[in-house]
Amino acid sequence: MAELHIIGQIVGASGFPQSSLFCKWGIHTGGAWRLLSGLKEGQTQVDLPQTGDMAYWSHPIDLHYTTKGLQGWPKLHLQVWHQDSFGRCQLYGYGYCHVPSSPGQHTVRCATWRPLGSWQEQLAQMFVGGGPQLRSPDLIYSGADRYRLQTEAMGTVELDLGIIMRHFDKHGVEC
Amino acid sequence: MASNNPSVFLLMINGQIEGGNFPEYDDLYCKYCFVYGHDWAPTSGLEEGISQITSKSRLSPHKLIWNFPLEITFKSTNPSGWPQIVVSVYGPDTFGNDVVRGYGATHIPFSPGQHTKTIPMFVPESTSRLQKFTSWLMGRRPEYTDPKVVAQGEGREVTRVCSQGFVTLTFHIVTKDMKKLGYDGTPSDPSNTLSQASSTGLRPHE
């Protein structure tokens, strides 16, 4: 059985309208994968940068998977939220990226999007905040029902992921 | 010396904490410590250290230089819990008290060769404005009781932080027996991986 280690960080995010941000993340895999150690979901701290636009989280990710097949390669999905000074949280973006499938250090930039409501909802969002959210987070990383959605572009999340593979070459997998 | 079927692999780290970039603060020193999983154990070198106090100079008004050596070797049976280095920076405030100016953490790179990493530093925020004012007045800013918390992912969702400043670290990494145990952590073609750490591996391609 082959093993995969994902060791890295969610570095931070930039390009969002305001910068008091936190991120909820999770990893989704197919049925052949089993998590041996590490947390496969979490939430970062709220960061308010003193200078500049980029919010830095440096949230560590350390996962150890074992797998019997290549299908369902791990996907990392993210939700970026904004917390204002009163403690209210507002969704700023959904995004997902596949975990890189070659060994070594990778810098991954994940673009995010936010669902767009009707023009009345957009007007209300400008004044009061809030806005439509997905009912179930599966839609972030699956393409099944996406054609029903209308979305707008938001900022980018930067991740630093390191991949260590074991025994993939014994099974003839080239990566 | 080398066994045919090794059960542990070694990771040797030689490097330094080069310096920092803190636009608003001066006269800073840093502390580092390594955080690692249950399967890891240091075999030689120092796990913790405190640097000298450095100031900005006329010649380089934005750079703070520590040039602080890091030398440690780990052994492990499992890459899970790969070591991280936690750096905490402290300095004086307006009243002369020693307060924390930033915490930061990063994983040690795992491919052999030279790597440079610039990590962002952040401080915990006070919960309310009144608390912020009293902590500024008394010189007791919010800080973590154990800096190792910065290297963990759990329990961070309740904290609010303010990121300020960066610290630059350089590493030279040597590993032993990782390939024999079947672990592959080096890219087959380095030009394929976009890396923010500059990596000039000295090992020949296989």
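The values are calculated or read from the model by the stated rules, or taken from the named source; none is laboratory data. Worth saying up front: this structure is predicted, and the values here are computed from it rather than measured. Methodologically, a virtual Cβ is constructed for each residue, glycine included, from the backbone with ideal geometry; neighbour enumeration extends over all protein chains shown. For accessibility, only protein heavy atoms count, side chains too; no ligands or nucleic acids. Shrake-Rupley method; radii C 1.70, N 1.55, O 1.52, S 1.80 Å.
Odds and ends about this structure:
- Within straight-line reach of B:LYS56, meaning a Cα separation under 12 Å, sit the following aspartates and glutamates at least 8 residues removed in sequence or on another chain: B:GLU24, B:ASP26, B:ASP27.
- Under Karplus coefficients 6.51, -1.76 and 1.60, residue-wise ³J(HN,Hα) of the range A:114-123 in Hz, glycine/proline x: 9, x, 9, x, 6, 5, 5, 5, 5, 5
- Percent accessible area from carbon and sulfur atoms, the protein assembly as shown, protein chains only, probe 1.4 Å: 52 percent
- Reach of A:LYS170 by Cα under 18 Å, taken over aspartates and glutamates that are not fewer than 8 positions away in the same chain: A:GLU3, B:ASP177, B:ASP184, B:GLU206
- On the principal axes of its alpha carbon atoms, the range B:2-204 extends 63, 41, 33 Å, with the longest extent given first.
- Amide H contacts under 5 Å for B:VAL99, placed H, 5+ residues apart: B:GLY91, B:ASP93
- Other protein chain C-beta atoms within 10 Å of residue C-beta, averaged over B:180-186: 6.
- Dimensionless Rg over Rh [the protein assembly as shown; C-alpha; Kirkwood]: 0.98
- A Förster radius of 41 Å combined with the Cβ-Cβ distance from A:MET126 to B:ASN97 puts the calculated FRET efficiency at roughly 0.40.
- Shielding by partners, peptide A:36-49 (average Cβ within 10 angstrom, other chains): 5
- Taking 0.36 nm per residue of sequence separation and removing the Cα-Cα distance, the B:THR73/B:SER128 pair yields an extension gain of 15.5 nm.
- Straight-line reach from A:LYS40: taking Cα to Cα under 13 Å and skipping same-chain neighbours fewer than 8 places apart, the aspartates and glutamates in range are A:ASP62, B:GLU154.
- Packing order of peptides A:25-37, A:144-156, highest average first: A:25-37, A:144-156 (average count of other Cβ atoms within 10 Å over each peptide's residues).
- Each label point was placed 7 Å from the Cα along the Cα-to-Cβ direction; for B:TYR144 and B:ILE65 their separation is 2.9 nm.
- Greater than 18 Å apart at Cα, pairs in A:LYS75/B:LYS179; A:LYS24/A:LYS68; B:LYS63/B:LYS117; B:LYS75/B:LYS180: A:LYS75/B:LYS179; A:LYS24/A:LYS68
- Where trypsin sites (Lys or Arg not before Pro) fall in DSSP loop in the range B:63-103, at most 16 other Cβ within 10 Å: B:LYS63
- Residue (of A:TYR141, B:TYR29, B:ALA151) at the positive-pole extreme of the protein assembly as shown, dipole from beta-carbon charges: A:TYR141
- Modelled spin-label separation between B:ASP26 and B:GLN52, with each label point placed 7 Å from Cα along the Cα-to-Cβ direction: 1.8 nm.
- Per residue solvent-accessible surface (Å²) - the protein assembly as shown, probe of 1.4 Å: 50 Å²
- Net charge over other residues, Cβ less than 12 angstrom from the Cβ of A:LEU36 (K, R count +1; D, E count -1): 0
- Accessible surface comparison of B:VAL86, A:VAL173, probe 1.4 Å, protein chains only, largest first: the order is A:VAL173, B:VAL86.
- Surrounding net charge for A:ILE163, when Lys and Arg each add one and Asp and Glu each subtract one, Cβ distance under 13 Å: -3
- In a DSSP loop and with at most 13 other Cβ atoms within 10 Å, the chymotrypsin sites (Phe, Trp or Tyr not before Pro) in the range B:45-102 are B:PHE95.
- Cβ-based net charge around A:GLN105, under 12 Å, with every Lys or Arg adding one and every Asp or Glu removing one: 0
- A DSSP coil position with no more than 15 other Cβ atoms inside 10 Å describes the following GluC sites (Glu not before Pro) in the range B:110-173: B:GLU143, B:GLU154.
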